[in-house]
Structure formats: C-alpha cells, structure tokens
Amino acid sequence: MTGISDGARSALLSGVAMTIALMAQPVFAADAPATTDSGASKATNIEEVVVTARKKTERLLDVPVAANALSTKALAKYATTDLTSVGNQIPQVSIDHAASGAGAIITIRGIGSASVDAAIEQEVTVNIDGVPISRGRVIEQAFFDQASVEVLKGPQALYFGKNSPAGVISINSQDPGSSPSGYVRAGYEEGAQNAFLEGAYGGPIADGLSARVAIRASDMFGGYVKGVGGPLTGSQLPAFQQKDGINDLGSPGSSYPGERDIIGRLTVDYKPTGSPFSAAFKFLGSDHQDRGDSMDQVIWRCAKGDSHPESLDFGSFLLGGPTYVTDPYGSCGGTRSNSFGGLPPAWAAGYAGSNGGIPYTSVVTYLSSLTMNYRLADHLNLTSVTGYYEYNEQQFSNYDETDMSLASGVNNDEQTSISEELRLQSSFQGPLNFTVGGFYGHDRRSFHQVGSIGYLGVDPATGNTNLFASIDYYHTDTYSGFGELSWKILPNVELAGGARYTSETKYGDDGMTYVHPLLQLLDPTVSAPVGERFITTFTENNVSPQVTLSWHISPDVMVYGAYKTGFKSGGFSTPAIIPSTATVANQSFHQETAKGGELGLKFSEMDRRLTGDLSLYRYTFSGLQLTAFDAATTSYFTQNAASATTEGFEFNLNYQATQEFGFHGSVGYSHARFDDFTGSQCWTGQDAAQGCGADGTQNLTGQPLSRAPNLVGLVGATYEHEIYNDYKLALTGDVKYSSGYFLETSDNPYAYQGKYATLDLSARVYNGDWEFAVIGQNLTNTYYAVLGGDKPLSPVAPNGGGSDIIANLGRPREITFQITRHF
C-alpha cells in the first residue's frame, strides 16, 4: 500500500498478527456449533448480527467481506429515516443530496460519482428488497420499517444483480412475521419543524399466507436553511429586467428544503406448509416534495474581496449595463441562510415548467419485487427475483444561488427499469458448493431540460423567456451471467472463486430543442444547432472475477483474504446546453473498472461481549468517469479522465462491559489519490502560478480525490437500566470525527472543508408496549459542508483569488421527540 508509510504498515500487520495469535484456538470440528451461548444471554444489548451478503443467511462474523450492518434496533437509536443518516452511522461512507444532475453522491472509501451529470450512475449500488438501483435519486425515497441495512465495501460483482465497483448498500424491509404485530409512531423534530407519523401491521391471514402494510407521512414546515432574500428594483436589477420593468421578489420561501413525504409498502408472503415453493411480493409507492433542488444550498465563500455574491448579466452586453450584478441580501459564508430567489411572474409566464417561478421538486417512485424460491432437492434451491422500478422527477430550481436567479432550470427526469435474476444455489454437506445464475435488466430514461442563464426578454417568435431547452433519451439492456464455486479445503478453511460476465448495450439520443435568438446573437457558437441529434449505440463487455480464502481459526475468529474486481458501464452526458463542439465521441464516456484486494480479521470473544473486525484494502480504479463543468455557461461533459487508487484500513470494535454499559468505536484511514489525472479542469480563477496550463487544465496526479477524508472515526457508549416495573432507560452517545477534504474534483483550495466533529445523544424510556424517545444529532451545531463547487456565473477574483463557492451543508442541530406504541 504505497499511500501508507512503511512504519504504519508494519504496525498494522503486526497488530493483526498479534490479535490472531491471542485469539487462536484449536481447529474445530465440522459439526461444531457456530456460536457458544454459555453466558451470552446473560448480558443485555448483545445482538447477533445476521446478514445476507452472499444471498444466504449468515452471521456477519462468517462473511469474508468488509461489511457493516444496522439492525432495526440500531436504526431506531437515531430515528434513521433517510439514506443520508445511514451514511452518518457507518465509517468511510457518505450519502449526500446534490442539487440537480444525479441528485446525490454516494461514496465509500473515497470513491463516488460526480453529481452534476444526470446520466452518470453511482459507484455504489443501492439494492432494495433485491432490486438494484444505481441512480442517485433513490435517496429521496422515504426510509422506514426496515429490518436491516447492510453496507458491503469494495467491488461487489456476484450477488446483487449488477456489478458495483465501490460497494453495495442492501436494504431489507420488514416481513410480516409469524404472529400479528405492528406499531404506530409519531414524532416531531423541532429544528426543521418536521412532524411525522408512521405505522405498520402484519401477520398471518391464511394458512401459509401472511401480509404486512406500512405507511409513513412527514411534513417539514420549516427547514435547515433560512431564506433571507428581498425585493430588487431599479438599478439593482439585471439590464433586461430594468428595461422591461420586471422586479425581483426575493426568497419564495422562508426556509428550505421544506420536505414532504408519503410512502406506503405492501408485503405479501406465501409459504405453504410442506411445499418446496415460497414467494414474497413487495410493492412500494413514494411521493417526495420539497421547495427546490438547490434551494437548501448556501454560499460557502465569495471571491476574494467581495462582501456579497455576484452574477454575470449576459443582457448587459447588449444594453450596456453592468457586467455583474450584486445580490445585496446574500452573505459570503458561515451562515445557514441564503438569499436565493425565484422568477418574477412576468418572466415565469414564458418559461415552460417553471411552476410560476417558484422552485420545487417532485419525485414519485414505484418499486416492486417478487422473490420466488423453489427447492429442487434437499440442499438445492432455485431463486427468481423480478424487479420493477419507476421514478418520475419534475423540478425547477435556482442554480445561480442569488436573489436574481440568473441561472435556473427545469430538470424532468423519468426512468423505468425492469430486472430479472435467476439463481441456483447449493448447500450440500460436502466440501463443494456452488452458486450460478443470470441477470437481465432494461432501463429506459428521458431527460427534459429547460433553462436560462439570464433574462433577455421575450422571444417574439415563440413567447419564450427561457434561453434554451434540450431533451435526451436513453435505453440500456444488460445481460450477465455469474457463478461461484466454494471448496472447504478443511472443515475451517474455505476457498471461493467466481466471476460475472456482463454485456451492456447503450443507446443515446441527445439534442437541443430551443435556443433564444438573443443568446445566439451574443454567442453564435453557444450551443449545437437546434434540431441536430447526437445518436449513438455502443456495447461494452466485461468479466469481473473474484477469489476469497477464509480461515476460521476458531468458531468465533476468522481471517480472510480476497482479490476482487468491479465494473461500471459508460453512458452519455446530459448538459443543459449541448456545446457547439459536441460530437458523439465527446458526449459519450465508457466503462470504468476496479481491481485490488483486502485482508480481514473478524472476531467475537467473551461470549459475544467483545466483537470487532479489521480490514486492510487496496483498490485501483481505471477509466474514472469524471465530469468537467464550465461555470460561465453551465455546460459540462463526462469523460474517462483519470485513474486512482484507494488504500487504507478500517477497524470496528464493540465491547459490552457489563449488563448495562457498552462501548463501541471505529476508525478508518483512506489514502485515495489520483494515479493519473493530467487533464483535470482548472478550478475557476486558477492561474499559471497555481498550476493551470494555457489549455485550461492542471495535473492532479498524486493529489487526493474529492470528498475523501484521510481519517474518520467514531466513539460511543450505551447504557440501559430498568427504572420502574418493566420500564427501562436506554442512553446512547456518539462522537464522530472527520479530517478535511476537498468539496469538488478540481481540488479547489477555496472549496475545502477542514476537520470537524459532531456529537449525537439519545434517550429512551420503553417497555414491551411503549417507547418515549428524545434524539439529538449534531448537538454541537457544527457547521460543515458535504459537497460544493463553483457558483455558476460567478466573478473571478484577481491573482488566483478564485470564484464564489456554493455548498451543501451537513445538517445542523436536530432534536427529535418521538413516541411509539407496539402491539
């Protein structure tokens, strides 16, 4: 591992060797029990963590994969109701909302996809009840009534439908159960004024047939970011608005994001007694609304010397007004407020899809899975998983991030996906077992964009006030076959090897449908000609092998080593303005691959009171799909621009000191660096002295990846005590730490988040029927950014002073009051 010093590497390997030596016990017989219970039941709060990482139920301890799992109990500790909160609880994982584009960035061990391009798939696949989803918009789906969340780190080629180069997040919802049960939960988070109500009920309804219904609704009356923009008139306005007498109204909302969610799930299980056949059907519908995709961002900093953010006014070039207009209400960092405006009604009237000028987001999602199992013979099972996923996202937002709303856009994204996986799996008593299967997936997407980079008046021919529009269509067909053979060389030593073959055919059809005539007058080459379509089809093939050797030193101590590979197919860029220099070649990007390995140790000692794991890893990613963004024109494209290596270690430890006290902690070190990135785009305002070449590129070879802190850590404690009759008090506290990281791919020094820490606490009083909880997150109210970048249309400060920077912030202090009734 080249990124870790020789001394650190030696210390780590020595530590592993010492731990193995201390825990080593004689080889156990093949029929020895998997766990011991000679006292485990005497200690409270000890959960036997069970996962399905290899599509069979196993203890996490027995799975030779670097993985973290959150049970129902763990999810409840901090009222986890969205995927971003999952990222806060697991080391070396970040899951964050992004404005426009892909809608999110999901990162594991420093590897994640850019968010600005809606066409790009995530490096991390989210698998919900067996259905693989690689689009970032999945994080806007409400999250509740879950049985478990499993996070598998590193390339995952075999078991989750699609190849995933950085990892998989597997979400498993609650099943009906063998007896009637359910709950009702109500709560209120006082900071964002978020009220919610949810409930579920399920159980048997006939012989072999059971069902569960769950529903959740939430309404955020406030938000995390305050809107402070006010009206603008006269000389404060951009040139064409002055000319036409159109005033800006200020912030359309008092706070953001103002989310509303309603989600329902139906689960039906069919398990007839004595039958070799069983089936489970799950259907979920979700409706997410908020006050605009970008409206909860803030100005992270202004260009050097500025006290307020500014934006370029293209109309001034025609009417002789100022080149830049200043937002008098906007601040330059350090606050959880913004002045972002909507569109004046007169402007919005000619702007299709702009919702009357009021920013909004609407995402409607449908997800269903049908899992059927048929026992062909003893120890031989055939499984079919049929998936359907549909989302329809409509939104309009302000991407200029000022009161003037000079960069705005409609981004309507629709996708329908169907998938089918057949898997044959053995569980023979002998040394050899296998898994073999096939997967088919079909995706169909359309992406319709309407946008503006200023107001240039009404187009007399069309009545349009927006400046451009485009529409893109995409189809993908995926065929893959996979297989793995496992061999128990000894009763406690297993060698497993397999591979997935994938063939993906992609079809893309991109083109501009409208350009305002005055925009063309300002720059005749601003976009590709209206009506020209960039149409292409390509097929990519890949074989991703993996080999794992695991050794159970004792029933509760395992070491393993693995070689793994991964693959993510290419696609087509979706800029709002397709540049005049666009070609089929530069609008397309191709596959990305990963290869490397890891060593791991897992252990459970002291009757499960002491558990932990240690993993060391090194993976190289070739053909990284990176997006270059031009803040002046808001155009971008994705290319296979670099290679990178991420290497490091992660250590997790849990210790139940007494029946009442427990302690847990984790630390992760990741050295994620570009191996070859000679053509990185310069950050806005970067000059030659700071490394920007005459061609507008810089060399980031050897430099860190964005959003990839070197060091993260968590330390916490739990306390549980019976206080009255059968009521118990449960307390949990966690302190989390992150070292610094760049917020954008270009390693802009002005878009850098320094080290920070947060504090979470929760308190519960509960018995078998009732639970009363107070849950506090980020109680220190730490101000930190999770991602960011150059503000569109920003001025550039002289002498390498950079531009205005926008950012999404981590959530502020949140205190949630919650009551639950179980029945």
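The values are calculated or read from the model by the stated rules, or taken from the named source; none is laboratory data. None of these values were measured; they are calculated from a predicted model. When we count neighbours, we look across all protein chains shown, and the Cβ atoms used for this are built from the backbone with ideal geometry, even at glycine. Remember, those area values only see protein heavy atoms, side chains included, never the ligands or the DNA or RNA. Shrake-Rupley method; radii C 1.70, N 1.55, O 1.52, S 1.80 Å.
Being in contact with a strand residue (DSSP E or B) (Cβ under 9 Å, 6 or more places away or on another chain) and part of a loop (DSSP other than H, G, I, E, B), is that true of even one residue in the stretch 198-206? No, the conditions are met nowhere in the stretch 198-206. Evaluated against (1) surrounded by fewer than 22 Cβ atoms within 10 Å (Cβ to Cβ); (2) of a type in the set (A, V, I, L, M); (3) touching a helix residue (DSSP H, G or I) at 6+ places or on another chain (Cβ under 8 Å), Leu616 falls short on exactly one condition, (1). So for the stretch 679-688 (the condition being in a strand (DSSP E or B), at pLDDT below 95 and open to solvent by less than 20 Å² (accessible area, probe 1.4 Å)), does at least one residue qualify? There is at least one residue in the stretch 679-688 that is in a strand (DSSP E or B), at pLDDT below 95 and open to solvent by less than 20 Å² (accessible area, probe 1.4 Å). Remark: pairs (first residue in the stretch 85-111, open to solvent by 10 Å² or more (accessible area, probe 1.4 Å) and of a type outside the set (Val, Ile, Thr); second residue at pLDDT below 80 and part of a strand (DSSP E or B); Cβ separation under 6 Å; 6+ apart in sequence or on different chains) = His97/Ala104. In the stretch 490-587, counting only strands (runs of 3 or more DSSP E) that sit wholly within it, the ones holding 3 or more residues that are surrounded by fewer than 19 Cβ atoms within 10 Å (Cβ to Cβ) span 493-515, 533-554.
Condition first: open to solvent by less than 30 Å² (accessible area, probe 1.4 Å), under 30 Å from Trp683 (Cα atoms) and among the β-branched types (Val, Ile, Thr). Now tell me which residues in the stretch 759-809 satisfy that. Hits for the stretch 759-809 are Thr782, Val786, Ile805, Ile806. Output the qualifying pairs, or none if there are none: Cβ atoms under 6 angstrom, residues six or more apart or on different chains, first residue in the stretch 662-680 and in contact (Cβ under 8 Å) with a residue 24 or more places away in the chain and aromatic (Phe, Trp, Tyr), second residue assigned to a strand (DSSP E or B) and buried (at least 20 other Cβ atoms within 10 Å of the Cβ). Hits for this filter: Tyr669/Gly648; Tyr669/Phe649; Phe674/Ala642; Phe674/Ala644; Phe677/Ala642. Within the stretch 704-730, take every residue that is under 25 Å from Phe651 (Cα atoms) and polar (S, T, N, Q) and give me the one that is nearest to the chain's Cα centre (by Cα). Only one residue fits best here, namely Ser706. Considered as a group, the residues in the stretch 409-422 that are of a type in the set (D, E, K, R) and open to solvent by less than 20 Å² (accessible area, probe 1.4 Å) include one that is farthest from Asn398 (Cα to Cα), and that residue is Glu421. Of all the criteria given as (1) farther than 21 Å from Arg821 by Cβ; (2) in contact (Cβ under 8 Å) with a residue 60 or more places away in the chain; (3) open to solvent by 20 Å² or more (accessible area, probe 1.4 Å), the one not satisfied by Ala186 is (1). Of Val151, Val138, all but one fail to be part of a strand (DSSP E or B) and open to solvent by less than 10 Å² (accessible area, probe 1.4 Å); the exception is Val151. Residues that are under 16 Å from Pro704 (Cβ atoms) and at pLDDT below 75 within the stretch 101-115 comprise just one, Ala114. Does Thr780 satisfy the criteria of being of a type in the set (Val, Ile, Thr) and in contact with a Lys or Arg (Cβ under 6 Å, 6 or more places away or on another chain)? Spelling it out, it is not the case that Thr780 is of a type in the set (Val, Ile, Thr) and in contact with a Lys or Arg (Cβ under 6 Å, 6 or more places away or on another chain). Out of all the residues in the stretch 70-84, which are in a loop (DSSP other than H, G, I, E, B) and either open to solvent by less than 20 Å² (accessible area, probe 1.4 Å) or touching a Cys at 6+ places or on another chain (Cβ under 7 Å) (or both)? Result: Tyr78, Thr80.
Out of curiosity, is Ala118 touching a Gly at 6+ places or on another chain (Cβ under 7 Å), modelled with pLDDT under 80, of a type in the set (A, V, I, L, M) and surrounded by 21 or more Cβ atoms within 10 Å (Cβ to Cβ)? Yes: the conditions hold for Ala118.
One line per residue, one yes/no per condition, for (1) at pLDDT below 95; (2) in contact with a Pro (Cβ under 9 Å, 6 or more places away or on another chain):
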{"residue": "Tyr374", "(1), (2)": "no, yes"}
{"residue": "Asp378", "(1), (2)": "yes, no"}
{"residue": "Thr383", "(1), (2)": "no, no"}
{"residue": "Gly387", "(1), (2)": "no, yes"}
{"residue": "Glu393", "(1), (2)": "yes, no"}
{"residue": "Phe396", "(1), (2)": "no, yes"}
{"residue": "Leu422", "(1), (2)": "no, no"}
{"residue": "Ser426", "(1), (2)": "no, no"}
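When the stretch 116-169 is limited to residues that are within 25 Å of Tyr507 (Cα to Cα) and among the basic types (Lys, Arg), the one that is farthest from the chain's Cα centre (by Cα) turns out to be Lys162.
Looking across the stretch 650-663, the residues that are open to solvent by 40 Å² or more (accessible area, probe 1.4 Å) and closer than 22 Å to Leu614 by Cα come down to Phe651, Leu653, Asn654, Tyr655, Phe663. Using beta carbons and a limit of 7 Å, which pairs, at least six apart or on different chains, have the first residue in the stretch 363-390 and under 15 Å from Phe277 (Cβ atoms) and the second one hydroxyl-bearing (Ser, Thr, Tyr) and open to solvent by 40 Å² or more (accessible area, probe 1.4 Å)? Filtered contacts from the stretch 363-390: Leu370/Thr386; Leu382/Tyr374.
Of the residues making up the stretch 810-821, just one is open to solvent by 20 Å² or more (accessible area, probe 1.4 Å), more than 19 Å from Tyr224 (Cβ to Cβ) and of a type in the set (Val, Ile, Thr), namely Ile819. Residues that are under 19 Å from Phe396 (Cα atoms), over 32 Å from the mean Cα position of the chain (by Cα) and outside any strand (DSSP E or B): does the stretch 431-448 have at least one? No.
Scanning the stretch 454-477 for residues that are open to solvent by 10 Å² or more (accessible area, probe 1.4 Å), of a type in the set (Ser, Thr, Tyr) and more than 30 Å from Tyr507 (Cα to Cα) yields one hit, Thr462. For the stretch 659-666, indicate whether the set of residues that are within 22 Å of the chain's Cα centre (by Cα) and farther than 30 Å from Ser803 by Cα is non-empty. Within the stretch 659-666 (the criterion being within 22 Å of the chain's Cα centre (by Cα) and farther than 30 Å from Ser803 by Cα), the answer is yes, since at least one residue qualifies.
Summed over the stretch 723-739, residues that are open to solvent by 70 Å² or more (accessible area, probe 1.4 Å) and closer than 30 Å to Gln753 by Cα total 1.
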